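First up is the structure itself, then whatever we jot down about it.
The values are calculated or read from the model by the stated rules, or taken from the named source; none is laboratory data. Just so you know, these numbers come straight off a predicted model, no measurement behind them. Backbone-built Cβ (ideal geometry, glycine too); neighbour counts: all protein chains shown.
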Amino acid sequence: MIELTVNGAKRQVDVVPEMPLLWVLRDELGITSPKYGCGVAQCGACTVQIDGMAVRSCQAHIGEVAGKSVVTLEGLEKRDQHPVLQAWIEHQVPQCGYCQTGQIMQAISLLDLIAQPTDEDINEVMSGNLCRCGTYPRIRAAIHAAAAKKMAEK
Amino acid sequence: MGLQELSRRAFVFGSAAVAGGIAFGSYGDVVQAATAGDNPLAAALGPNSVTFNPWIEISPEKITLIAQHADIGQGVGSVQPIMIAEEMDLDPGQFEIRFAGPSPAYFNTGFADEFAPFVAADQSPAAEEARAATLEYLRKTGLQMTGGSSTIPDTYQKLRVAGAVARETLKAAAAKRAGVAIADLRTQSGHVILPDGKKIPYVELAADSAKIPPVLDAKPRDPSQWRMLGKPMTRLDVRAKVMGDLKFGIDLRMDGMLYASVKLNPNKGQPLKSYDASKAGSMPGVKKILAINNGVAVIATNSWYAMKAVDAIKCEWAPSAYPAEQADHWKVLESSFKPEFLGKEWRKIGDIEAGLKTGTRVEAEYRAPYLAHQPLEPLNGIGLVTDKGMEIWVGHQSPQFVQSIAATAIGLKPEQVTFHNQWTGGSFGHRLEYENVRVLAEIANQMRGTPIKLVFSREEDFLQDIPRQIAIARHKGSVDKGKIVAADLQLASTTPLKGLLERSGIPSKDPDGQLAAGLWNVYYDIPNFRGTSYEAQGLSPSTTWRSVGASTAGFFTESFIDELIHAAGLDPMKARIAMCNVPTYRKVLETVAEMSDWKGPLGNGRGRGVAFVESFGTPVAEVVEVSKTERGIRIDKVWIAADVGKVVDPVNFENQVQGGVIWGLGHAINCELTYAKGAVQQTNYNHHEAMRIYQCPVIEVRGLENDPKVRGVGEPPVPPAAPALANAIFAATGQRIREMPFNKFIDFV
């Protein structure tokens, strides 16, 4: 049994330690906001936080996550009022929406690092998150709007 | 008439079928025709409930609106119900949305224009009669399919009529109950409002409404009265997608479910010869290893266990029927410009031979490679086979073909397959194909009684992705005294639509009409013109990829027109505007010229290119601006104008158009699929990257409403993107790039 904390709750899973966190979340625990897109850290759809850091859950072996705290989009504090999620809704970013949970988790991490990112900063940090529908102009706008919201809240 | 007949008569319409003066029904009439016994909702209706037509169901508990077109990210899971809700005076949150099951009641009227043998700008009586005849065939065959940018053209009229019928019938039921005149009633927010101000919720009128005949002559409202449509509104699926709450097909779970993954013959369409699963059988989580027709499957307790184990199986495959190596695919195409491979001479104007002999001759060859679709949600599905038949949960654009493909795979009748459509993480044409459906049926049939969730690994999805057509164009033309006097456009290509029809079980012998898209619908005054397609034989199967034929022919045509314009010494924008012979289309070009403030060459290593392509009836003009930097070409900005007759959902319109531009540019710059040893060499996104955010330009969008018909916009922004970029690169650097992907010839930052 491997024990970890997911969205604040202690969970135990009986899987091999090599299993990527992504597949523990999705198939063992039924937490589906982290998406399977590529399996090789090329798309970012599986992005979650481990101990506060954005990581590709397809690359994190569950054995190494034991004892750590995992937060998925479902477990974000005050999710309904979260400035990044609010900006994403106001800008109507999603088309198919499949990559967006990963985009949002990455954007949250970006804004934790850089409060007022430039377009260059956004390019730098968000280029690992692939969107096949082409929502990039709206992702950019939503990140700027979320940054402004966060500043206003302070 | 069945679907068999459809392929012959309607998809690639013969001219003989057009004759005759039959009075055909209008699009709106589809609702009236479908209200009778063929409403698929009637059979499953609960007590005290009503269904007015195949799109609306009201029970004492809730209102359900049916989305007949599949949502593949283009937003139709939202705009279809909103078109009904607009007419019914329902607000978002007052109804549920359900995807339609398979039924001929949901036949796609929107294909009538695309399949009739006239270019879109031709709205003459003869052309309209042919479209009406095509509509009649579609009605009889009952083809239910999402694609061809047809959702809005198909549903704009009929869903508003459907909503109006519901509204007026609910009012009639309320009038009867309250003993007042219908004219004294109004509707608001899901209620009928009586003259005294009393409000009756629609759900309380369900039983009464079922007892009276529906008010079939109800009229939809004039757009000037719209509350939601035509105005910025929030897509109904946005919140759930942002909150991570929306369940895509891949997110579903069932009690007792097991997980499957597959390894299939990468030589597409060929069987498995033998396999060695000695290692895989003892791997963690593995429950069972199965041989299927063209590969092997592992059943396990977790998708990852299944993928790992399937990786460990060694397979011997039957070799490919197409050339094993990419170079030989190109050779076949090069030798396909011969009479025996003629698809069709689609259009001929003037005397092409004489025209080519006049003035200065221009010739150029262009190439476009195979491409993958690769929506981010990989192919998947859940299947359960029992003695009664099969249930299948999968996101797909062709419900009836899901039934027939699954049924055929395991010896059932199509009606024994129950299909539950799902929200999908993109398609771009991928979810018109059937590999996951067929394979899932085979697996579930060997695992009877257990729900099986199949997930393709990304690598397997790439390997089985039936690509976009590959094509070569050999264009000739001539210019004389500052004018284009001749354009002889010829291309050789694989056949995307024919391929899809064949795999759908309705093979067609007629020329592939999608090879005409972007080739024959050229709206410039060129006195001598010819557009001819050749169909290469024996190459990789190919299929519809966002914008289909126009994605290749649009690039060829608009690159060549640009070369002719330059040879004639003209300005690319002014010449196109001057030559354009359809007033509404000329307006599209003029609009993009105005938006971009086009004033001729920019100089200083900057350049602009323009392209104009009509596809699926929607004329689109794009201007791309690039800069030459030390590290390569940077795409700075794109201006795009499209005339769709009516912008029904403005925010989503802009999102779709921007997405189409990004799709067109990203693949033109960065992507190709190539074969080696019969398999594609690109098996994950690092080898087929399209566009990431760092390459994405600013994209300014404008929608026009001059076309008398309402058009779709999912695909039409794609075809002009690549030629506009190539033309911009020429303007900035003097280098003509005639082959995709462009990064083979020039670097991009």
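Numerical summary
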| quantity | calculated |
| --- | --- |
| Any hit, segment A:67-80, residues being buried (at least 23 other Cβ atoms within 10 Å of the Cβ) and either among the charged types (D, E, K, R) or more than 9 Å from chain B (Cβ to nearest Cβ) (or both) | yes |
| Members of segment B:650-675 found to be at the interface with another protein chain (Cβ under 10 Å from one of its Cβ atoms) and among the aliphatic types (A, V, I, L, M), listed by number | B:V651, B:V657, B:V661, B:I662, B:L665 |
| Only one of B:P284, B:P319 that is touching a helix residue (DSSP H, G or I) at 6+ places or on another chain (Cβ under 7 Å) and in a loop (DSSP other than H, G, I, E, B) | B:P284 |
| Selection within segment B:455-469 - within 13 Å of another protein chain (Cβ to nearest Cβ) and under 28 Å from A:E28 (Cα atoms) | B:V455, B:F456, B:S457, B:R458, B:E459, B:E460, B:D461, B:F462 |
| Complete set of residues in segment B:353-377 that are of a type in the set (A, V, I, L, M, F, W, C), assigned to a helix (DSSP H, G or I) and buried (at least 19 other Cβ atoms within 10 Å of the Cβ) | B:L356 |
| B:A133 being surrounded by fewer than 24 Cβ atoms within 10 Å (Cβ to Cβ), outside any loop (DSSP other than H, G, I, E, B) and free of Cβ contacts under 8 Å to residues at least 24 places away in the same chain | no |
| Residues being among the aliphatic types (A, V, I, L, M) and crowded, with 20+ Cβ neighbours inside 10 Å - total across segment A:38-59 | 3 |
| B:N39 vs. criteria assigned to a loop (DSSP other than H, G, I, E, B), in contact with a helix residue (DSSP H, G or I) (Cβ under 8 Å, 6 or more places away or on another chain), at pLDDT below 95 and surrounded by fewer than 24 Cβ atoms within 10 Å (Cβ to Cβ) | yes |
| Answer residue from segment B:298-321, given it is surrounded by 21 or more Cβ atoms within 10 Å (Cβ to Cβ) and among the hydroxyl-bearing types (S, T, Y) and is farthest from the other protein chains (Cβ to nearest Cβ) among those | B:Y305 |
| Cβ pairs under 7 Å, 6+ apart, first in segment B:274-286 and on the phi > 0 side of the Ramachandran plot, second in a strand (DSSP E or B) and at pLDDT 95 or above | B:G285/B:A300 |
| Looking only at segment B:220-278, and only at residues there that are of a type in the set (V, I, T) and more than 27 Å from A:E28 (Cβ to Cβ), the one that is nearest to the chain's Cα centre (by Cα) | B:V238 |
| Meets criteria (of a type in the set (K, R), assigned to a strand (DSSP E or B) and modelled with pLDDT of 95 or more) for B:K348 | yes |
| Selection from segment B:57-79 of residues that are outside any loop (DSSP other than H, G, I, E, B), more than 13 Å from chain A (Cβ to nearest Cβ) and either in contact (Cβ under 8 Å) with a residue 40 or more places away in the chain or not polar (S, T, N, Q) (or both) | B:E57, B:I58, B:I63, B:L65, B:I66, B:A67 |
| Scope segment B:248-258; condition part of a loop (DSSP other than H, G, I, E, B) and either closer than 19 Å to A:K78 by Cβ or within 7 Å of chain A (Cβ to nearest Cβ) (or both); matching residues | B:R253 |
| Criterion violated by B:Y585 - all others in (1) among the aromatic types (F, W, Y); (2) buried (at least 23 other Cβ atoms within 10 Å of the Cβ); (3) free of Cβ contacts under 8 Å to residues at least 60 places away in the same chain satisfied | (3) |
| Segment B:434-454: number of residues that are in a helix (DSSP H, G or I) and within 14 Å of another protein chain (Cβ to nearest Cβ) | 0 |
| Every residue from segment B:207-226 that is in contact (Cβ under 8 Å) with a residue 40 or more places away in the chain and in a helix (DSSP H, G or I) | B:A207, B:S209, B:A210, B:P223 |
| Subset tally (residues that are closer than 25 Å to A:D27 by Cα, part of a helix (DSSP H, G or I) and more than 15 Å from the chain's Cα centre (by Cα)) for segment A:49-81 | 4 |
| Long-range neighbours under 9 Å by Cβ, at least six apart or interchain, first residue outside the structural domain of B:G664 (by TED's automatic domain parsing) within segment B:689-705, second surrounded by 18 or more Cβ atoms within 10 Å (Cβ to Cβ) and assigned to a helix (DSSP H, G or I) | none |
| Residue selected from segment A:8-30 under the condition facing chain B (nearest Cβ under 9 Å) and in a loop (DSSP other than H, G, I, E, B), by the criterion surrounded by the fewest Cβ atoms within 10 Å (Cβ to Cβ) | A:G30 |
| Pairs with Cβ under 7 Å, 6+ apart, first in segment A:126-148 and on the phi < 0 side of the Ramachandran plot and of a type in the set (K, R), second at pLDDT 95 or above and surrounded by fewer than 20 Cβ atoms within 10 Å (Cβ to Cβ) | A:R140/A:D119 |
| Residue ID - farthest from B:L246 (Cα to Cα), chosen from residues in segment A:39-55 that are within 10 Å of chain B (Cβ to nearest Cβ) and free of Cβ contacts under 8 Å to residues at least 24 places away in the same chain | A:V40 |
| Among the residues listed as B:L194, B:L229, the single one being touching a residue at least 24 places away in the same chain (Cβ under 8 Å) and away from chain A (no Cβ under 14 Å) | B:L229 |
| Among residues of segment A:123-133, those that are within 7 Å of chain B (Cβ to nearest Cβ) and either part of a helix (DSSP H, G or I) or crowded, with 21+ Cβ neighbours inside 10 Å (or both), counted | 5 |
| Qualifying residues in segment A:82-103 (those that are within 7 Å of chain B (Cβ to nearest Cβ) and in a helix (DSSP H, G or I)) - the one surrounded by the most Cβ atoms within 10 Å (Cβ to Cβ) | A:Q100 |
| Of the criteria (1) within 13 Å of chain A (Cβ to nearest Cβ); (2) assigned to a loop (DSSP other than H, G, I, E, B), which one B:R431 fails | (2) |
| Subset of segment B:227-264 (residues that are under 30 Å from B:V286 (Cβ atoms) and loosely packed, with under 15 Cβ neighbours inside 10 Å) | B:K247, B:R253, B:M254, B:D255, B:G256 |
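Residue-by-condition table, conditions (1) touching a Leu at 6+ places or on another chain (Cβ under 7 Å); (2) under 19 Å from B:F555 (Cβ atoms); (3) within 12 Å of chain A (Cβ to nearest Cβ):
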{"residue": "B:V647", "(1), (2), (3)": "no, no, no"}
{"residue": "B:A690", "(1), (2), (3)": "no, yes, yes"}
{"residue": "B:P716", "(1), (2), (3)": "no, yes, no"}
{"residue": "B:R736", "(1), (2), (3)": "no, yes, no"}
